[in-house]
Each structure stands twice: as C-alpha cells, then as structure tokens.
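A short worksheet on the structure shown next.
The values are calculated or read from the model by the stated rules, or taken from the named source; none is laboratory data. Please read all numbers here as calculations on a predicted model, not as lab measurements. In this analysis, Cβ positions are derived from the backbone assuming ideal geometry, glycine residues included, and neighbour counts consider all displayed protein chains. All accessible areas refer to the heavy atoms of the entire protein, side chains included, with ligands and DNA or RNA removed. Shrake-Rupley method; radii C 1.70, N 1.55, O 1.52, S 1.80 Å.
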Amino acid sequence: MVDRRSKLIEEGASAVGGTWNLMLGRPDALSRFDFSQRGLAGSFIALIVAFVVFTAITEMGAAARQTMSPAGQLFITGTLIAARFVALRVVLPCLDALHGFRPVMVASNWVNAIAVGGLVGVTFCVAFAGALMLGPTAGETLVAIILTLWAAIAIATFIAEINILRIIAGLRGSEVVMVLAAQLFAMILAVFILAQLPLD
C-alpha cells in the first residue's frame, strides 16, 4: 500500500512536468506519463481524489445555501468525464487514431487533476494572503483575483488538452477540432440527460 502510494506520488510529480510541457507544446511531454494499464488506473485515482477534495471544499461554502449534495456534484462530474471519453472512443477509430485512446485518457486525467489541484491551491493562497495583506474588507477584490486566476488555469488546461490530441494522439488541426466538437456535443447531451434526473 505504501509502495503504491509512493509510486502514485512519483507519477504525479512526473505528470506535473508533463503537463507543463504539454502547455508549451513540447513533444517530450510523452516521456513524462505512464501509459500502461497501471498508469491509467493511477491517473483516474488522481482525478477522483482531486475532484473529491474540490467538492468537499466548495461544499463548505455551499452548505448554507442548500445547494446540490457532494454526491450529486461528483455524479455530474463523473458523467461529464465519461461522456468526453465515450465521444473520444467513438471518434478516434474514424480518424485511424485508436492507438491514442489510452494515452489521451492518461494525460487528460492528469492534466485535469493538476488543474483542479491548482484551483484549490490558488483559492486558498489568494484568500489567505489577501486577507492578511488587504484585510477583511477586500472581499470583492479577492474574488476578482481568484476568478482571473481560475480563468488562466482553464485556458492553460484547454491548451494542454489540444496538445494532448496533437502530440500524443498525433492528430492534425482539423482532426483536433473534430474531436473537441464531438466531446462538446457529448457533454451537452449528458447535461441535457442529467437535467431530467432528480439530483438535488
């Protein structure tokens, strides 16, 4: 168990470097991820842990507003991720790129886990440092800073996702657009289906 945890930490540290290289569009990003079956499992563990932590933290502020339960939030997140990968599995064979299915999943899982971890880290650091330096009356300023950093992380994640398809799956520009469009359609369809379910 300890050995598995240490290996996951090593994979995570390597994946951080891989994610950085993906954002920069460097082909050597490939060497930073473990594309084996074990590596795929590790990437899903990291993604699940990241979203559980994020959901737990956001739930602290949402509890008083009586919003959706953490289980409901995680179910929606999991459904959207599954929709993305189903679309990927359907489209890649049409592009003669099914060989990239598992590597794309691994890299995408790590990129998103790191991005979610970044959201949590940025939120806490800015809120803590801002409260110390600006005082309790700077709430709106802190929110604006946090939202700006969230937007930056979202843009960086999107760039990394494009480079995953380009570098790891070997897709051309038009094929990348096709895959992204298919994933967007799948997630919109998933949202429509989820909206019909009683998830409150």
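Computed from backbone phi with θ = phi - 60° and the Karplus coefficients 6.51, -1.76 and 1.60, the 3J(HN,Hα) list for segment 78-85 is x, 5, 5, 5, 4, 4, 4, 6 Hz; x is used for glycine and proline. Under 5 Å from the amide H of residue 35 lies no amide H of any residue 5 or more positions distant or on a separate chain, with H modelled from the backbone and absent for Pro and chain starts. Judged by the ratio a/c of the largest to the smallest principal axis of the C-alpha gyration tensor, segment 140-200 counts as oblate, that ratio being 1.5 or greater while a/b is no larger than b/c.
In this structure, the amide hydrogen of residue 171, modeled 1.01 Å from its nitrogen in the peptide plane, lies closer than 5 angstrom to those of 166, counting only residues at least 5 positions away or on a different chain. Can you check what the net charge comes to around residue 109, using other residues whose Cβ is under 12 Å from the Cβ of residue 109 (Lys, Arg +1; Asp, Glu -1)? Result for the local shell: -1. Couplings 3J(HN,Hα) for segment 167-182, derived from phi with the Karplus relation 6.51 cos²θ - 1.76 cosθ + 1.60 (θ = phi - 60°), are 8, 7, 8, x, 8, 7, x, 5, 6, 4, 4, 4, 5, 4, 5, 5 Hz, where x marks Gly and Pro. By the Cα gyration tensor, the chain has an equivalent ellipsoid whose semi-axes, rounded to whole angstrom, run 30, 21, 18 from largest to smallest.
Model label sites at residue 158 and residue 196, defined 7 Å from Cα along the beta-carbon direction, differ in position by 3.0 nm.
Heavy-atom surface analysis with a 1.4 Å probe gives the chain a carbon and sulfur content of 74 percent of its accessible area. Remark on segment 88-189: ratio of C-alpha radius of gyration to 2.2 N^0.38 Å is 1.40. Charged side chains reduced to their Cβ positions (Lys and Arg at +1, Asp and Glu at -1) give the chain a dipole of some 280 debye around its Cα centre. In percent, rounded to a whole number, the relative contact order of the chain is 32, using alpha-carbon pairs under 8 Å and six or more apart. Scoring 100-106, 32-38 by mean Cβ neighbours within 10 Å over their residues and listing the highest first yields 100-106, 32-38.
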